[in-house]
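For reference, the structure discussed in these notes is given below.
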Amino acid sequence: MGNPTRGGGVEQSSYTTVFGSLDSFDKGGVELVNDDARHYAFSNVFEVASMSKPWEKVAVAKNFEYVLEAVRAEGTSPWRTAAHDEFAVCMDGQVSVELVKLESSPLPADAEGSVALDGDPVGAKMGRVTLSRGHQVLLPAGAAYRFVAAAPSVLMMQTIAGPDTQYRWAEICQTV
Amino acid sequence: MTVTDTQVNQSETPNAEGYFSFTLGEFQFRRDEYFVYITWPTGHHVMSVDAFLRALQRDVAWDFFYGIVNFDGVFGTVNHYGTVDIFAGRYNDSYRKAELDYSENHETPAIRETFKSILADWTNETFDPFASPHETGAAWGIKNGDNNSAVTRRRVAAQRMVGVPGDEQIRSDESGFRINRHFLDVDQSEPVVEAEPGFEGEVVAFNLFAYLSRSDVTWNPSVVSACKDSLFCPTTEEYILPIIHGNDRVEWFVQLSDQIHWDVEDRDTGAIRSRVLMKAGDVCAMPADIRHQGYSPKRSMLLVWENNSSKVPELIASGQAPTYPVEF
């Protein structure tokens, strides 16, 4: 039996929400009528992460200087920092984040994009966050951060393109 | 010509069905039990009142959004971020060829106040324009109270990120946001946050999926995090996007859960260009010269990613930047 609704219809008694994962994702696509598939840059973050090496920052979306990056999280990442806030969403798995307040940033205040740090960061420990699927974390401007994932996981980064952003559009996107 | 009169022009008395009529420039608006009637100097148009109110609700809540908000294939608005065009037939090839298209430019406060007044007067207590059809009663009938608490919901706009002290806060039963019936299976656990003393305001995380599972509106992107002009605007979707959004910049969609079907048309003529099916994890750009309308069979989570820079529309309109996001 379903549930009667305010709108006058009857709907199912329960629903299953479908999320994707590294192990299980089902891609849609662009059905062209009169256009070029490349204009849509259609990809899938789980597929991109499945083809990536750990901690590669692969752009899956770009809007002028801004990017969204798909990251395969596996093991321990290098330490990184940016002069602006960044954000990471855990799309699959479990990832912990360690944060350090840098005594001295290697970046000018107006620098865009994140950079890797040489060695361990110098500064006060800010704390640690453990993310599961669907969790979003602030990576504050001027902080050093690194990720740790015991099992392959997927992050989506909201950031600005930097020297380590990888562009593989022809490999990851639908082209016809 | 820009019309600067900010006074709301409504009829002195309601009609037989109990609703006021409104005038904005040369446009006239009236409703009866089922329909909205729009007239302008070169033509007239009829829309179902529930479709009209759902579209009007988004246009008001988004303060005219980015680019073009087509209520349907004839009527809509164009945001110039300070002024707004209200048009009929402007993005309809047949109207243009017949030279029956018409538009006026108004100062934003004037059209905002008029649209808010129409929305308030024409929305009965039985109808919530933000809700899915299963979640609300009907828009039809004679005047029957109002639903001002629903049509004046505050739009979330985090300055930094939801959950940061002093910014927008997470949703809970206590704050009046219950888990939506389609998302009862979404994990509600929050991230484990272990902040050292003094860094509680910087070491912050929240459960985005749980936050979205508690959204009480559909098709209403609202900001949860901002990296300069890069805005994460997730939203929950069910049934049909009540407007056809015409882009003035590239925007991106990331399907976070379930699936949405999109019709993509030429922005200016309405000619079909593609159909897009997005499933969980899919990423797709919407080029700057298209318009799109989505169909979500089950309530789904969609991340709308916007570049809020005021420079972008002119760069694209002038041809200095392409209408699509990347070259490969």
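Read-outs throughout are calculated quantities, based only on the coordinates presented, and are distinct from any laboratory measurement. These figures come from a predicted structure and were not determined experimentally. Please note: Cβ atoms are built from the backbone with ideal geometry, for glycine as well, and neighbour counts cover all protein chains shown.
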Original post:
Amide H to amide H, which residues 5 or more places from A:Leu131 or on other chains are under 5 Å from it, using H placed in the peptide plane?
Top reply: A:Val95, A:Ser96, A:Val97
Original post:
Amide H to amide H under 5 Å from B:Ile290: which residues, 5+ apart in sequence or cross-chain, H placed 1.01 Å off N in plane?
Top reply: B:Asn247, B:Arg267
Original post:
Residue by residue through region A:31-45, which ³J(HN,Hα) values in whole Hz follow from phi under the Karplus form 6.51 cos²θ - 1.76 cosθ + 1.60 (θ = phi - 60°), with glycine and proline marked x?
Top reply: 9, 7, 10, 8, 6, 10, 4, 5, 5, 9, 6, 7, 8, 9, 4
Original post:
Applying 1/(1 + (r/R0)^6) with R0 = 25 Å to the Cβ-Cβ distance of A:Thr5 and B:Arg275, what FRET efficiency is obtained, to the nearest 0.05?
Top reply: 0.30
Subject >> region B:179-328, dipole about Cα centre (Lys/Arg Cβ +1, Asp/Glu Cβ -1), debye to the nearest 20 >> reply: 500
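Run the dipole for region A:49-166 about the Cα centre, Lys and Arg Cβ at +1, Asp and Glu Cβ at -1, nothing else charged, and hand back the magnitude in debye, nearest 20.
So the dipole magnitude of region A:49-166 works out to roughly 360 debye.
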**OP:** Quick one: how many lysine pairs does the protein assembly as shown have with C-alpha atoms less than 21 Å apart and a gap of 8 or more or different chains? Give me the count, please.
**Re:** 15
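Relative contact order for region A:1-101: what percent, with Cα pairs under 8 Å and sequence separation of 6 or more? If you can, show how the numbers build up before the last one.
Details: 82 pairs, mean separation 18.2, N = 101.
Rounded, it is 18 percent for region A:1-101.
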**OP:** Give the distance, in whole Å, between the Cα centre of region B:143-212 and the Cα centre of region B:8-77.
**Re:** 33
Original post:
What percent do you get for the relative contact order of region A:49-166 when only Cα pairs under 8 Å and 6+ apart count?
Top reply: 42
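For chain B, what is the relative contact order in percent, using Cα pairs closer than 8 Å and at least 6 residues apart in sequence?
The normalised contact order for chain B reaches 14 percent.
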Subject >> Inter-part distance where region A:143-172 and region A:17-68 are each reduced to a Cα centre, Å >> reply: 13
**OP:** Provide the per-residue ³J(HN,Hα) series for region B:262-268, in order, calculated from phi with Karplus coefficients 6.51, -1.76, 1.60 and θ = phi - 60°, each as a whole number of Hz, with x at glycine and proline positions.
**Re:** 10, 9, 10, 10, 4, 4, 8
Original post:
For the pair B:Asp93 and B:Gln7, what calculated FRET efficiency results from E = 1/(1 + (r/R0)^6), where r is the Cβ-Cβ distance and R0 = 35 Å, to the nearest 0.05?
Top reply: 0.50
**OP:** List B:Thr218, B:Thr123 from most exposed to least, where exposure is judged by having the fewest other Cβ atoms within 10 Å.
**Re:** B:Thr123, B:Thr218
Subject >> In Hz, Karplus ³J(HN,Hα) per residue of region B:296-302 (6.51, -1.76, 1.60; θ = phi - 60°; x = Gly, Pro) >> reply: 10, x, 10, 4, 10, 10, 10
Original post:
Which chymotrypsin sites (Phe, Trp or Tyr not before Pro) from region A:80-176 combine a DSSP loop assignment with at most 16 other Cβ atoms within 10 Å?
Top reply: A:Tyr167
